[in-house]
Structure formats: C-alpha cells, structure tokens
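Notes follow once the structure below has been shown.
The values are calculated or read from the model by the stated rules, or taken from the named source; none is laboratory data. All values derive from a computational prediction rather than experimental measurement. Quick reminder, even Gly has a Cβ in these numbers, built from the backbone with ideal geometry, and neighbours come from all protein chains shown.
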Amino acid sequence: QVQLVESGGGLVQPGGSLRLSCAAATMFFSLSDMGWYRQAPGKQRDLVARISRGGSTNYGDSVKGRFSISRSNAKNTVYLEMNSLKPEDTAVYYCNLARGSIESWGQGTQVTVSS
C-alpha cells in the first residue's frame, strides 16, 4: 500500500478552474501509472484521467478538452488541471496509483461547482 495525499479541492463557481495535486510516498513513483477518478453521491466511481509511467494520457469523455493531467517524477506528484468547470463535475476526486499488482487510493478531495 502506497500513501497518496490529495489536495486542492474546494468550492468554485461554474466556469472556474481548480488544480488538484496528489503526492505519493513511494520511491517507485516514476514506474507507476497514475490516475484521477471521481464519485458523485449515489453514483459509481468513474475515470477522470490517467497518465502512464511513460507519459501517455487518456480522459473520460465528459472532461476531454477541459481537464489536463500531468506528473512530476521529481516531486512524486500527479496533477489535475480542471478548467471550465460545470456543476456536474461536483464529486469527490480520488487519486490512484497502479504498479503491477499494487494499487492504492487516496482519501479523496471534495470538488463542488456551484454559484
């Protein structure tokens, strides 16, 4: 189990922006695939974005063109830049790490988009 600590959530108005960060406590961060998922009340946890250890990215359909995932191997951190936020983006956002048989989740950070 790898400790993941998310930060950057909060309340933002529709059309606004937020940047989430997830710091991983592992020396093998550069060898790990990282991702962001979200879960709204009463709904399943869905993929937001993933970035492989090689830097390839993929996004959920609902966030394409608005969100951007990146990573800093020097800082053991993955980021999620969220722009043009909509009320339907409101959810708890979870960081995910995957490496071989190892998978870890962060505790989640709340993002609320509301006027």
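Here I102 meets each of (1) of a type outside the set (S, T, N, Q); (2) at pLDDT 95 or above; (3) under 13 Å from D33 (Cβ atoms) with one exception, condition (2).
Residue-by-condition table, conditions (1) under 16 Å from L97 (Cβ atoms); (2) charged (D, E, K, R):
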site	(1), (2)
V2	yes, no
V12	no, no
G15	no, no
K43	no, yes
L47	yes, no
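At least 3 residues being in contact with a Cys (Cβ under 9 Å, 6 or more places away or on another chain), surrounded by 16 or more Cβ atoms within 10 Å (Cβ to Cβ) and of a type outside the set (V, I, T) is the threshold, and among the strands (runs of 3 or more DSSP E) wholly inside the chain those reaching it are 18-25, 33-39, 91-99.
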